[in-house]
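Input: one structure, supplied below.
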Amino acid sequence: MFEDMRRGLRDVDSSMPELSAWVYRRIEQHLGHRVIDAGAGIGTYSELLQEHGKQVVALEADPELVPDLRSRLEPSGGEVYACDLAAPEGLPNFEPADSAICINVAEHLDDDRQGLLNVRERVLPGGKLFIFVPAHPWLYNRIDKAAGHFRRYQRRELADRLVESGWQLEGLTYFNCFSIPLWFIAGTVLRRDMPGTSLMRLAGTIMPLLDWLDRTLSRGKAGVSLIAVARNPGPDVSSLGPPEGAQSIA
């Protein structure tokens, strides 16, 4: 599974660098100075965080990716830990952060609730989590399976999982509406295991248009992914649910 994930991450990173920049613009306003990258992968977002002056704590389960992450991030003050996000015993003991990101990772966790709980325990009270996951179970296809996805999320399902793991939901919306047909065609109609470099390059080329359409027409009402912002309210979280008005993210 790790080998397929590594190949997919590198294909997306090389073919669609605009996507990570687009996502980061949605992240930045919610982040503090010390940020956990929960499931850092090949380090795309960890490096973006460092470029914007953040102190990064990168967590990664794939042992083959960890040495490269260390060589790239630690010279600039980053911390890298090899760990399973959903380990029952929790995460390694490091200094808590004031925020965390979890981008295209929770769908890879068999026990996503435990993973989100573990991350919360390493974020200071009041700190934020930005999470990005694939949306719509009906859209699950060969690409999801090949990438090691256990699921695509319903909106309510993601909200419930965050609350169950102690986070207080502050915003939840869809993202990138106009990539839905691209994903469906590649994985369901053409039955590909990967979107394909040509399709990803096409999507990367029209990314500014997709961004504009998403902001002006869709406005978070539909999308191939879900994004959420949640806050760690502190240790006593058993009775907390999503506050009124937790509908969208600017």
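The values are calculated or read from the model by the stated rules, or taken from the named source; none is laboratory data. Remember, it's a predicted structure, so these values are computed and weren't measured experimentally. Using ideal geometry, Cβ is built from the backbone for each residue, glycine included, and neighbour counts are taken over all protein chains shown.
So, of the residues in segment 106-143 that are without any contact (Cβ under 8 Å) to a residue 40 or more places away in the chain and either of a type outside the set (S, T, N, Q) or within 17 Å of VAL229 (Cβ to Cβ) (or both), which turns out to be surrounded by the fewest Cβ atoms within 10 Å (Cβ to Cβ)?
Let us first name the residues in segment 106-143 that are without any contact (Cβ under 8 Å) to a residue 40 or more places away in the chain, namely 111, 118, 121, 137-138, 140.
Cutting the leftovers down to either of a type outside the set (S, T, N, Q) or within 17 Å of VAL229 (Cβ to Cβ) (or both) gives us 111, 121, 137-138, 140.
Numbers: ASP111: 15, GLU121: 14, PRO137: 12, TRP138: 10, TYR140: 18.
My answer is TRP138.
Report whether or not ALA58 is touching a strand residue (DSSP E or B) at 6+ places or on another chain (Cβ under 8 Å) and surrounded by 17 or more Cβ atoms within 10 Å (Cβ to Cβ).
yes
Can you find even one residue in segment 81-104 that is of a type in the set (A, V, I, L, M, F, W, C), in contact (Cβ under 8 Å) with a residue 40 or more places away in the chain and either within 22 Å of LEU182 (Cβ to Cβ) or in a helix (DSSP H, G or I) (or both)?
yes
Restricting to segment 48-67, name every residue that is modelled with pLDDT of 95 or more, among the charged types (D, E, K, R) and over 22 Å from ASN118 (Cα atoms).
Within segment 48-67, just GLU51 meets the criteria.
Within segment 213-248, count every residue that is at pLDDT 75 or above, among the aliphatic types (A, V, I, L, M) and under 11 Å from GLY171 (Cα atoms).
Adding up the residues that qualify gives 5.
Being among the hydroxyl-bearing types (Ser, Thr, Tyr), surrounded by fewer than 21 Cβ atoms within 10 Å (Cβ to Cβ) and more than 29 Å from LEU139 (Cα to Cα): is that true of TYR81 here?
yes
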